[in-house]
Protein chains: 2
Amino acid sequence: MPDTAPAPSTRDRLIQTAMKLFWEKGYGSTSVADLLQAAGVNSGSLYHFFPGKQDVLLAVLDAYRDGIGPMLLAPAWQGVDDPIERVFALLARYRLGIVQTDCGYACPIGSLALEIHEPDPPVRKALAANFNAWTDAIEACLVAAGPRLPRSLDRRELARFVLTTMEGGVMQARTHRDVAYFDSSVRQLRLYFDHLEREAADKPSRAKAPRKRPTSRGTK
Amino acid sequence: MPDTAPAPSTRDRLIQTAMKLFWEKGYGSTSVADLLQAAGVNSGSLYHFFPGKQDVLLAVLDAYRDGIGPMLLAPAWQGVDDPIERVFALLARYRLGIVQTDCGYACPIGSLALEIHEPDPPVRKALAANFNAWTDAIEACLVAAGPRLPRSLDRRELARFVLTTMEGGVMQARTHRDVAYFDSSVRQLRLYFDHLEREAADKPSRAKAPRKRPTSRGTK
DNA sequence: GCATGACTTGATTGATCGTTCAACCAAGTC
DNA sequence: GACTTGGTTGAACGATCAATCAAGTCATGC
(Lines give C-alpha, C1' and ligand atoms only; values in the text may rest on other atoms or scores of the structure.)
Protein backbone atom coordinates (compact mmCIF):
# COMPACT_ATOMS: atom_id res chain seq x y z
CA MET A 1 0.00 0.00 0.00
CA PRO A 2 1.99 2.93 -1.30
CA ASP A 3 -0.28 5.71 -0.22
CA THR A 4 -2.59 5.85 2.73
CA ALA A 5 -4.27 9.03 1.55
CA PRO A 6 -7.12 7.89 -0.71
CA ALA A 7 -7.69 11.12 -2.61
CA PRO A 8 -9.85 13.19 -0.28
CA SER A 9 -13.23 14.20 -1.55
CA THR A 10 -13.98 17.77 -2.48
CA ARG A 11 -15.94 18.24 0.71
CA ASP A 12 -13.13 16.90 2.87
CA ARG A 13 -10.60 18.96 0.98
CA LEU A 14 -12.62 22.08 1.72
CA ILE A 15 -12.86 21.26 5.40
CA GLN A 16 -9.21 20.42 5.79
CA THR A 17 -8.14 23.53 3.92
CA ALA A 18 -10.52 25.65 5.95
CA MET A 19 -9.15 24.16 9.17
CA LYS A 20 -5.73 25.37 8.13
CA LEU A 21 -6.80 28.79 6.88
CA PHE A 22 -9.15 29.61 9.75
CA TRP A 23 -6.38 28.66 12.12
CA GLU A 24 -3.75 30.73 10.34
CA LYS A 25 -5.75 33.79 9.38
CA GLY A 26 -8.97 33.59 11.33
CA TYR A 27 -12.50 33.20 10.08
CA GLY A 28 -13.29 36.75 9.02
CA SER A 29 -9.96 37.30 7.32
CA THR A 30 -10.25 34.13 5.28
CA SER A 31 -12.29 34.93 2.22
CA VAL A 32 -14.26 32.31 0.38
CA ALA A 33 -12.00 33.03 -2.57
CA ASP A 34 -8.94 32.23 -0.42
CA LEU A 35 -10.48 28.95 0.59
CA LEU A 36 -11.48 28.03 -2.95
CA GLN A 37 -8.07 28.76 -4.34
CA ALA A 38 -6.19 26.93 -1.59
CA ALA A 39 -8.44 23.91 -1.90
CA GLY A 40 -8.51 23.96 -5.69
CA VAL A 41 -12.27 24.06 -5.80
CA ASN A 42 -14.78 26.19 -7.66
CA SER A 43 -17.28 28.27 -5.83
CA GLY A 44 -20.24 26.29 -7.12
CA SER A 45 -18.87 23.13 -5.54
CA LEU A 46 -18.54 24.78 -2.18
CA TYR A 47 -22.10 25.96 -2.26
CA HIS A 48 -23.17 22.54 -3.40
CA PHE A 49 -21.95 21.05 -0.13
CA PHE A 50 -22.46 23.98 2.21
CA PRO A 51 -25.27 26.53 2.36
CA GLY A 52 -22.77 29.25 3.20
CA LYS A 53 -19.45 30.16 4.70
CA GLN A 54 -20.69 29.78 8.25
CA ASP A 55 -21.63 26.17 7.62
CA VAL A 56 -18.06 25.53 6.60
CA LEU A 57 -17.05 26.95 9.95
CA LEU A 58 -19.40 24.58 11.73
CA ALA A 59 -17.95 21.60 9.90
CA VAL A 60 -14.47 22.84 10.74
CA LEU A 61 -15.31 23.17 14.41
CA ASP A 62 -16.68 19.63 14.46
CA ALA A 63 -13.50 18.43 12.81
CA TYR A 64 -11.39 20.27 15.38
CA ARG A 65 -13.32 18.59 18.17
CA ASP A 66 -12.97 15.17 16.62
CA GLY A 67 -9.27 15.80 16.18
CA ILE A 68 -8.53 16.64 19.79
CA GLY A 69 -8.02 13.01 20.70
CA PRO A 70 -6.01 11.66 17.76
CA MET A 71 -4.25 14.83 16.65
CA LEU A 72 -3.55 16.58 19.95
CA LEU A 73 -3.76 14.30 22.97
CA ALA A 74 -2.30 11.18 21.37
CA PRO A 75 1.01 12.72 20.32
CA ALA A 76 1.20 14.83 23.48
CA TRP A 77 0.75 11.85 25.74
CA GLN A 78 2.93 9.38 23.91
CA GLY A 79 5.11 7.78 26.54
CA VAL A 80 3.53 9.75 29.35
CA ASP A 81 1.40 7.68 31.70
CA ASP A 82 1.34 9.69 34.89
CA PRO A 83 -1.98 11.56 34.86
CA ILE A 84 -0.64 14.77 36.31
CA GLU A 85 2.35 14.76 34.02
CA ARG A 86 -0.09 14.34 31.16
CA VAL A 87 -1.58 17.70 32.02
CA PHE A 88 1.79 19.34 31.66
CA ALA A 89 2.72 17.22 28.66
CA LEU A 90 -0.26 18.71 26.90
CA LEU A 91 0.85 22.19 27.85
CA ALA A 92 4.33 21.31 26.61
CA ARG A 93 2.75 20.36 23.30
CA TYR A 94 1.30 23.84 23.02
CA ARG A 95 4.67 25.26 23.89
CA LEU A 96 6.08 23.33 20.96
CA GLY A 97 3.49 24.90 18.70
CA ILE A 98 4.45 28.33 19.95
CA VAL A 99 8.16 27.95 19.30
CA GLN A 100 7.61 26.22 15.98
CA THR A 101 5.51 29.11 14.71
CA ASP A 102 7.94 31.66 16.08
CA CYS A 103 5.41 32.74 18.70
CA GLY A 104 2.71 33.19 16.10
CA TYR A 105 0.73 30.28 17.44
CA ALA A 106 -2.83 30.75 18.52
CA CYS A 107 -5.30 28.14 19.71
CA PRO A 108 -7.83 27.98 16.87
CA ILE A 109 -10.74 27.61 19.25
CA GLY A 110 -9.69 30.45 21.49
CA SER A 111 -9.07 32.71 18.52
CA LEU A 112 -12.43 31.96 16.99
CA ALA A 113 -14.16 32.28 20.35
CA LEU A 114 -12.91 35.83 20.69
CA GLU A 115 -13.10 36.76 17.04
CA ILE A 116 -16.76 35.90 16.55
CA HIS A 117 -18.35 38.58 18.65
CA GLU A 118 -21.98 37.80 17.99
CA PRO A 119 -21.95 34.14 17.19
CA ASP A 120 -25.02 32.39 15.95
CA PRO A 121 -26.08 29.82 18.52
CA PRO A 122 -24.81 26.80 16.58
CA VAL A 123 -21.36 28.37 16.25
CA ARG A 124 -21.22 29.23 19.92
CA LYS A 125 -22.27 25.71 20.84
CA ALA A 126 -19.66 24.20 18.57
CA LEU A 127 -16.98 26.33 20.22
CA ALA A 128 -18.22 25.32 23.66
CA ALA A 129 -18.19 21.67 22.60
CA ASN A 130 -14.53 22.02 21.71
CA PHE A 131 -13.69 23.51 25.08
CA ASN A 132 -15.68 20.76 26.76
CA ALA A 133 -13.83 18.03 24.91
CA TRP A 134 -10.56 19.60 26.01
CA THR A 135 -11.44 20.05 29.65
CA ASP A 136 -13.08 16.64 29.82
CA ALA A 137 -9.80 15.06 28.84
CA ILE A 138 -7.95 17.04 31.49
CA GLU A 139 -10.59 16.31 34.07
CA ALA A 140 -10.14 12.61 33.40
CA CYS A 141 -6.45 13.02 34.20
CA LEU A 142 -7.20 14.84 37.41
CA VAL A 143 -9.68 12.17 38.45
CA ALA A 144 -7.11 9.52 37.61
CA ALA A 145 -4.67 11.31 39.87
CA GLY A 146 -6.90 10.13 42.70
CA PRO A 147 -5.54 10.74 46.18
CA ARG A 148 -2.56 12.67 44.92
CA LEU A 149 -4.83 15.69 44.81
CA PRO A 150 -6.90 16.89 47.75
CA ARG A 151 -10.16 15.05 48.15
CA SER A 152 -12.14 18.24 48.38
CA LEU A 153 -10.67 19.66 45.20
CA ASP A 154 -13.14 20.14 42.38
CA ARG A 155 -11.53 18.33 39.47
CA ARG A 156 -13.70 19.88 36.84
CA GLU A 157 -12.94 23.35 38.09
CA LEU A 158 -9.23 22.70 38.07
CA ALA A 159 -9.52 21.33 34.52
CA ARG A 160 -11.07 24.60 33.42
CA PHE A 161 -8.23 26.39 35.15
CA VAL A 162 -5.74 24.38 33.14
CA LEU A 163 -7.49 25.49 29.95
CA THR A 164 -7.44 29.04 31.24
CA THR A 165 -3.71 28.76 31.78
CA MET A 166 -3.15 27.49 28.26
CA GLU A 167 -5.31 30.11 26.59
CA GLY A 168 -3.97 32.99 28.63
CA GLY A 169 -0.40 31.85 28.18
CA VAL A 170 -0.76 31.43 24.44
CA MET A 171 -2.38 34.83 24.15
CA GLN A 172 0.42 36.58 25.98
CA ALA A 173 3.22 34.69 24.25
CA ARG A 174 1.71 35.62 20.91
CA THR A 175 1.23 39.25 21.80
CA HIS A 176 4.71 39.67 23.22
CA ARG A 177 6.28 37.34 20.67
CA ASP A 178 8.02 35.60 23.52
CA VAL A 179 7.47 32.07 24.84
CA ALA A 180 8.60 33.22 28.25
CA TYR A 181 5.12 34.58 28.89
CA PHE A 182 3.64 31.16 28.24
CA ASP A 183 6.28 29.56 30.43
CA SER A 184 5.49 31.95 33.24
CA SER A 185 1.89 30.88 33.42
CA VAL A 186 2.68 27.19 33.13
CA ARG A 187 5.30 27.47 35.85
CA GLN A 188 2.83 29.12 38.17
CA LEU A 189 0.32 26.39 37.43
CA ARG A 190 2.98 23.82 38.25
CA LEU A 191 3.65 25.51 41.55
CA TYR A 192 -0.03 25.36 42.29
CA PHE A 193 -0.10 21.65 41.50
CA ASP A 194 2.91 21.13 43.73
CA HIS A 195 1.06 22.78 46.58
CA LEU A 196 -2.01 20.67 45.92
CA GLU A 197 -0.01 17.46 45.89
CA ARG A 198 1.73 18.41 49.10
CA GLU A 199 -1.56 19.24 50.72
CA ALA A 200 -2.99 15.91 49.68
CA ALA A 201 0.07 14.11 50.96
CA ASP A 202 0.00 15.90 54.31
CA LYS A 203 -3.58 15.12 55.17
CA PRO A 204 -4.35 11.92 53.32
CA SER A 205 -7.78 11.28 51.94
CA ARG A 206 -9.53 9.75 54.89
CA ALA A 207 -8.99 6.76 57.12
CA LYS A 208 -7.61 4.94 54.14
CA ALA A 209 -4.12 3.63 53.89
CA PRO A 210 -1.80 6.61 54.44
CA ARG A 211 0.47 5.50 51.67
CA LYS A 212 3.23 7.77 50.49
CA ARG A 213 3.36 9.55 47.20
CA PRO A 214 3.81 7.26 44.19
CA THR A 215 7.54 6.97 43.68
CA SER A 216 7.53 7.08 39.89
CA ARG A 217 7.30 10.72 39.18
CA GLY A 218 7.35 10.17 35.45
CA THR A 219 8.38 13.59 34.23
CA LYS A 220 11.62 14.50 32.61
CA MET B 1 -20.67 74.47 36.12
CA PRO B 2 -23.46 72.79 34.24
CA ASP B 3 -21.50 70.51 31.98
CA THR B 4 -18.05 69.05 32.43
CA ALA B 5 -17.91 67.65 28.91
CA PRO B 6 -16.55 70.43 26.75
CA ALA B 7 -17.82 69.21 23.37
CA PRO B 8 -15.27 66.65 22.28
CA SER B 9 -13.40 67.33 19.11
CA THR B 10 -14.02 65.31 15.99
CA ARG B 11 -10.83 63.41 16.53
CA ASP B 12 -11.72 62.53 20.10
CA ARG B 13 -15.20 61.58 19.07
CA LEU B 14 -13.81 59.18 16.52
CA ILE B 15 -11.48 57.59 19.04
CA GLN B 16 -14.12 57.23 21.72
CA THR B 17 -16.62 55.79 19.28
CA ALA B 18 -14.02 53.42 17.91
CA MET B 19 -13.13 52.30 21.43
CA LYS B 20 -16.73 51.32 21.90
CA LEU B 21 -17.22 49.68 18.50
CA PHE B 22 -13.94 47.78 18.42
CA TRP B 23 -14.77 46.47 21.86
CA GLU B 24 -18.29 45.46 20.95
CA LYS B 25 -17.80 44.12 17.45
CA GLY B 26 -14.08 43.72 16.99
CA TYR B 27 -11.76 45.52 14.64
CA GLY B 28 -12.39 43.64 11.44
CA SER B 29 -16.15 43.59 11.86
CA THR B 30 -16.31 47.31 12.46
CA SER B 31 -16.42 49.00 9.09
CA VAL B 32 -15.25 52.52 8.58
CA ALA B 33 -18.82 53.30 7.60
CA ASP B 34 -20.04 51.98 10.97
CA LEU B 35 -17.56 54.17 12.75
CA LEU B 36 -18.41 57.25 10.72
CA GLN B 37 -22.12 56.86 11.27
CA ALA B 38 -21.83 56.17 15.00
CA ALA B 39 -19.53 59.13 15.48
CA GLY B 40 -21.48 61.42 13.20
CA VAL B 41 -18.47 62.21 11.08
CA ASN B 42 -17.82 62.24 7.36
CA SER B 43 -15.21 60.04 5.82
CA GLY B 44 -13.08 62.95 4.73
CA SER B 45 -12.73 64.11 8.32
CA LEU B 46 -11.55 60.72 9.45
CA TYR B 47 -8.89 60.62 6.79
CA HIS B 48 -7.92 64.14 7.66
CA PHE B 49 -6.88 63.00 11.14
CA PHE B 50 -5.83 59.45 10.43
CA PRO B 51 -3.97 57.99 7.47
CA GLY B 52 -6.14 54.90 7.61
CA LYS B 53 -8.27 52.60 9.69
CA GLN B 54 -5.29 50.94 11.34
CA ASP B 55 -4.09 54.27 12.69
CA VAL B 56 -7.45 54.68 14.37
CA LEU B 57 -6.79 51.33 16.00
CA LEU B 58 -3.41 52.52 17.24
CA ALA B 59 -4.97 55.60 18.77
CA VAL B 60 -7.63 53.44 20.36
CA LEU B 61 -5.06 51.11 21.85
CA ASP B 62 -3.19 54.06 23.31
CA ALA B 63 -6.44 55.33 24.78
CA TYR B 64 -7.16 51.92 26.28
CA ARG B 65 -3.76 51.87 27.91
CA ASP B 66 -4.14 55.36 29.30
CA GLY B 67 -7.56 54.40 30.61
CA ILE B 68 -6.43 51.38 32.60
CA GLY B 69 -5.63 53.49 35.64
CA PRO B 70 -8.55 55.91 35.83
CA MET B 71 -11.25 53.83 34.14
CA LEU B 72 -10.43 50.33 35.36
CA LEU B 73 -8.21 50.25 38.43
CA ALA B 74 -9.60 53.29 40.19
CA PRO B 75 -13.20 52.09 40.39
CA ALA B 76 -12.14 48.50 41.01
CA TRP B 77 -9.93 49.48 43.93
CA GLN B 78 -12.20 52.02 45.52
CA GLY B 79 -12.28 51.17 49.22
CA VAL B 80 -9.90 48.27 48.80
CA ASP B 81 -6.48 48.81 50.31
CA ASP B 82 -5.15 45.35 50.91
CA PRO B 83 -2.82 44.62 48.00
CA ILE B 84 -3.84 41.00 47.58
CA GLU B 85 -7.50 41.83 47.83
CA ARG B 86 -6.91 44.39 45.13
CA VAL B 87 -5.92 41.61 42.78
CA PHE B 88 -9.23 39.91 43.34
CA ALA B 89 -11.15 43.15 43.39
CA LEU B 90 -9.92 43.73 39.85
CA LEU B 91 -11.06 40.27 38.85
CA ALA B 92 -14.40 40.99 40.51
CA ARG B 93 -14.64 44.06 38.33
CA TYR B 94 -14.31 41.90 35.27
CA ARG B 95 -16.93 39.60 36.68
CA LEU B 96 -19.23 42.57 36.89
CA GLY B 97 -18.62 43.31 33.24
CA ILE B 98 -19.46 39.73 32.36
CA VAL B 99 -22.78 39.65 34.18
CA GLN B 100 -23.70 43.14 33.01
CA THR B 101 -23.26 42.13 29.38
CA ASP B 102 -25.06 38.85 29.89
CA CYS B 103 -21.83 36.94 29.42
CA GLY B 104 -21.06 38.75 26.20
CA TYR B 105 -18.11 40.56 27.73
CA ALA B 106 -14.70 40.25 26.19
CA CYS B 107 -11.50 42.01 27.19
CA PRO B 108 -10.90 44.39 24.28
CA ILE B 109 -7.17 43.81 24.36
CA GLY B 110 -7.43 40.05 24.47
CA SER B 111 -9.96 40.03 21.67
CA LEU B 112 -7.86 42.23 19.48
CA ALA B 113 -4.72 40.29 20.33
CA LEU B 114 -6.29 37.11 19.00
CA GLU B 115 -8.26 38.70 16.19
CA ILE B 116 -5.34 40.40 14.49
CA HIS B 117 -3.48 37.40 13.21
CA GLU B 118 -0.69 39.14 11.40
CA PRO B 119 -0.38 42.43 13.21
CA ASP B 120 1.86 45.15 11.93
CA PRO B 121 4.62 45.74 14.46
CA PRO B 122 3.15 48.98 15.86
CA VAL B 123 -0.19 47.26 16.53
CA ARG B 124 1.49 44.32 18.22
CA LYS B 125 3.54 46.66 20.36
CA ALA B 126 0.50 48.67 21.35
CA LEU B 127 -1.25 45.48 22.41
CA ALA B 128 1.79 44.38 24.39
CA ALA B 129 1.95 47.80 26.04
CA ASN B 130 -1.61 47.33 27.24
CA PHE B 131 -0.80 43.96 28.74
CA ASN B 132 2.28 45.42 30.36
CA ALA B 133 0.36 48.25 31.94
CA TRP B 134 -2.09 45.73 33.36
CA THR B 135 0.47 43.33 34.73
CA ASP B 136 2.63 46.14 36.07
CA ALA B 137 -0.28 47.26 38.21
CA ILE B 138 -0.81 43.74 39.51
CA GLU B 139 2.87 43.25 40.06
CA ALA B 140 2.93 46.39 42.19
CA CYS B 141 0.22 44.83 44.37
CA LEU B 142 2.17 41.62 44.72
CA VAL B 143 5.30 43.51 45.65
CA ALA B 144 3.31 45.52 48.16
CA ALA B 145 2.11 42.26 49.69
CA GLY B 146 5.68 41.88 50.86
CA PRO B 147 6.27 38.98 53.26
CA ARG B 148 2.74 37.69 52.90
CA LEU B 149 3.93 35.94 49.76
CA PRO B 150 6.94 33.62 49.66
CA ARG B 151 10.21 35.42 49.30
CA SER B 152 11.30 33.27 46.42
CA LEU B 153 8.12 33.84 44.47
CA ASP B 154 8.58 35.72 41.21
CA ARG B 155 6.08 38.57 41.50
CA ARG B 156 6.16 39.46 37.85
CA GLU B 157 5.48 35.90 36.84
CA LEU B 158 2.54 35.66 39.18
CA ALA B 159 1.20 38.93 37.81
CA ARG B 160 1.22 37.45 34.33
CA PHE B 161 -0.58 34.45 35.73
CA VAL B 162 -3.29 36.70 37.11
CA LEU B 163 -3.74 38.19 33.64
CA THR B 164 -3.83 34.68 32.24
CA THR B 165 -6.56 33.78 34.70
CA MET B 166 -8.62 36.80 33.72
CA GLU B 167 -8.28 36.28 29.99
CA GLY B 168 -8.89 32.56 30.09
CA GLY B 169 -11.83 32.96 32.42
CA VAL B 170 -13.42 35.67 30.32
CA MET B 171 -12.95 33.60 27.19
CA GLN B 172 -14.66 30.56 28.66
CA ALA B 173 -17.47 32.50 30.30
CA ARG B 174 -18.21 34.15 27.00
CA THR B 175 -18.08 30.95 25.01
CA HIS B 176 -20.28 29.04 27.43
CA ARG B 177 -22.45 32.07 28.20
CA ASP B 178 -22.00 31.27 31.86
CA VAL B 179 -20.12 33.24 34.51
CA ALA B 180 -19.48 30.03 36.39
CA TYR B 181 -16.56 29.34 34.08
CA PHE B 182 -14.98 32.64 35.05
CA ASP B 183 -15.68 31.96 38.69
CA SER B 184 -14.03 28.57 38.43
CA SER B 185 -10.75 30.01 37.29
CA VAL B 186 -10.79 32.83 39.81
CA ARG B 187 -11.58 30.42 42.63
CA GLN B 188 -8.65 28.24 41.65
CA LEU B 189 -6.42 31.28 41.58
CA ARG B 190 -7.66 32.19 45.04
CA LEU B 191 -6.81 28.72 46.30
CA TYR B 192 -3.35 29.15 44.86
CA PHE B 193 -2.95 32.46 46.65
CA ASP B 194 -4.15 30.85 49.87
CA HIS B 195 -1.45 28.24 49.54
CA LEU B 196 1.16 30.88 48.84
CA GLU B 197 0.18 32.94 51.85
CA ARG B 198 0.20 29.87 54.08
CA GLU B 199 3.62 28.92 52.77
CA ALA B 200 4.94 32.39 53.45
CA ALA B 201 3.44 32.34 56.93
CA ASP B 202 4.91 28.93 57.75
CA LYS B 203 8.48 29.72 56.82
CA PRO B 204 8.89 33.44 57.30
CA SER B 205 11.19 35.42 55.10
CA ARG B 206 14.60 34.98 56.66
CA ALA B 207 16.26 35.61 59.99
CA LYS B 208 14.34 38.83 60.21
CA ALA B 209 11.86 39.52 62.88
CA PRO B 210 9.51 36.56 62.83
CA ARG B 211 6.64 38.89 63.15
CA LYS B 212 3.18 37.67 62.58
CA ARG B 213 1.10 38.64 59.62
CA PRO B 214 0.48 42.38 59.56
CA THR B 215 -2.61 42.90 61.67
CA SER B 216 -3.98 45.76 59.65
CA ARG B 217 -5.03 44.13 56.42
CA GLY B 218 -4.97 47.60 54.91
CA THR B 219 -1.73 48.30 53.19
CA LYS B 220 -1.41 51.84 52.05
C1' DG C 1 -29.33 5.07 -25.78
C1' DC C 2 -31.10 7.86 -22.82
C1' DA C 3 -32.92 9.72 -18.58
C1' DT C 4 -31.48 10.82 -13.89
C1' DG C 5 -29.14 12.78 -10.19
C1' DA C 6 -24.75 13.99 -8.17
C1' DC C 7 -21.24 16.97 -8.79
C1' DT C 8 -18.42 20.70 -11.33
C1' DT C 9 -17.55 24.90 -13.84
C1' DG C 10 -16.67 29.84 -13.76
C1' DA C 11 -18.69 34.04 -15.11
C1' DT C 12 -21.58 37.16 -12.75
C1' DT C 13 -24.24 39.69 -9.17
C1' DG C 14 -25.08 43.25 -5.87
C1' DA C 15 -23.45 44.64 -1.55
C1' DT C 16 -19.89 46.34 1.12
C1' DC C 17 -15.18 47.35 1.91
C1' DG C 18 -11.36 51.09 2.81
C1' DT C 19 -9.96 55.05 0.64
C1' DT C 20 -9.78 59.31 -2.33
C1' DC C 21 -10.81 63.80 -3.86
C1' DA C 22 -12.38 68.18 -5.42
C1' DA C 23 -15.12 71.49 -3.60
C1' DC C 24 -16.46 74.05 0.39
C1' DC C 25 -16.37 76.63 4.87
C1' DA C 26 -14.92 79.65 8.67
C1' DA C 27 -11.56 81.99 11.26
C1' DG C 28 -7.21 84.43 11.28
C1' DT C 29 -3.41 87.17 9.01
C1' DC C 30 -1.50 90.39 6.04
C1' DG D 1 -10.45 91.85 0.47
C1' DA D 2 -7.35 88.40 -1.07
C1' DC D 3 -4.60 84.40 1.08
C1' DT D 4 -3.72 80.84 4.17
C1' DT D 5 -4.77 77.30 7.31
C1' DG D 6 -7.40 73.64 9.55
C1' DG D 7 -11.24 71.34 9.10
C1' DT D 8 -15.66 69.52 6.67
C1' DT D 9 -18.59 67.61 3.12
C1' DG D 10 -20.30 63.60 0.58
C1' DA D 11 -20.15 61.65 -3.90
C1' DA D 12 -17.34 58.52 -6.12
C1' DC D 13 -13.78 54.77 -7.01
C1' DG D 14 -11.87 50.29 -7.54
C1' DA D 15 -11.30 46.19 -4.94
C1' DT D 16 -13.16 42.57 -2.67
C1' DC D 17 -16.79 40.23 -0.41
C1' DA D 18 -20.17 36.10 -0.05
C1' DA D 19 -23.32 34.10 -2.83
C1' DT D 20 -25.79 32.70 -7.32
C1' DC D 21 -26.87 30.20 -11.35
C1' DA D 22 -27.28 28.42 -15.93
C1' DA D 23 -24.70 25.32 -18.33
C1' DG D 24 -21.84 21.39 -18.42
C1' DT D 25 -19.73 16.63 -17.06
C1' DC D 26 -20.08 12.00 -15.80
C1' DA D 27 -21.28 7.66 -13.67
C1' DT D 28 -25.27 4.91 -12.90
C1' DG D 29 -29.79 2.55 -13.64
C1' DC D 30 -33.05 1.20 -16.83
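The values are calculated or read from the model by the stated rules, or taken from the named source; none is laboratory data. Values in this document were obtained by computation on a predicted structure and should not be read as measured data. All Cβ positions, glycine included, derive from the backbone under ideal geometry; neighbour counts span all protein chains shown. Ligands, DNA and RNA are stripped out before the accessible areas are found, and what is left, the full protein with its side chains, is counted by its heavy atoms. Shrake-Rupley method; radii C 1.70, N 1.55, O 1.52, S 1.80 Å.
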Positive-pole candidate from B:MET171, B:VAL186, B:ALA144, dipole of the protein assembly as shown, charges at beta carbon:
B:ALA144
Using a label position 7 Å from Cα in the Cα→Cβ direction, what is the ascending list of nm distances from B:ASP66 to the same site in the other copies?
5.2
Carbon/sulfur fraction of accessible area - the protein assembly as shown, other protein chains in place, 1.4 Å, %
52 percent
If you count, for every residue in A:28-34, the Cβ atoms of partner chains within 10 Å of its Cβ, what is the mean?
2
Counting only helical runs of four or more DSSP H residues, what would the 222 nm mean residue ellipticity of chain B come to if each run contributes -39,500 (n - 2.57) and the total is spread over all its residues?
-21500 deg cm²/dmol
Can you give the accessible area per residue of segment B:1-50, in Å², using a 1.4 Å probe?
62 Å²
³J(HN,Hα) computed for each position of segment B:130-146 - Karplus, 6.51 cos²θ - 1.76 cosθ + 1.60, integer Hz, glycine/proline x:
5, 4, 5, 4, 5, 5, 4, 5, 5, 4, 4, 4, 5, 5, 5, 5, x
Under Karplus coefficients 6.51, -1.76 and 1.60, residue-wise ³J(HN,Hα) of segment A:48-55 in Hz, glycine/proline x
6, 8, 10, x, x, 4, 5, 6
Here the correct list, in nm and shortest first, of distances from A:PRO8 to the same site in the other copies, label points 7 Å along Cα→Cβ, is 4.7
Relative to the longest principal axis of the C-alpha atoms of chain A, give the angle of the C-alpha long axis of helix A:179-202, reported between 0 and 90° and rounded to the nearest 10°.
40 degrees
Shortest first and in nm, the label-point separations between B:ASP55 and its counterparts in the other identical copies (7 Å out along Cα→Cβ) come to 4.4
With the cut-off at 25 Å, tell me which of the pairs A:LYS25/B:LYS125; B:LYS25/B:LYS125; A:LYS20/A:LYS125; A:LYS25/B:LYS53; A:LYS53/B:LYS125 have Cα atoms farther apart than that.
A:LYS53/B:LYS125
Enter the buried accessible area of the B/A pair, total of both sides, probe 1.4 Å, in Å² rounded to the nearest 100.
4400 Å²
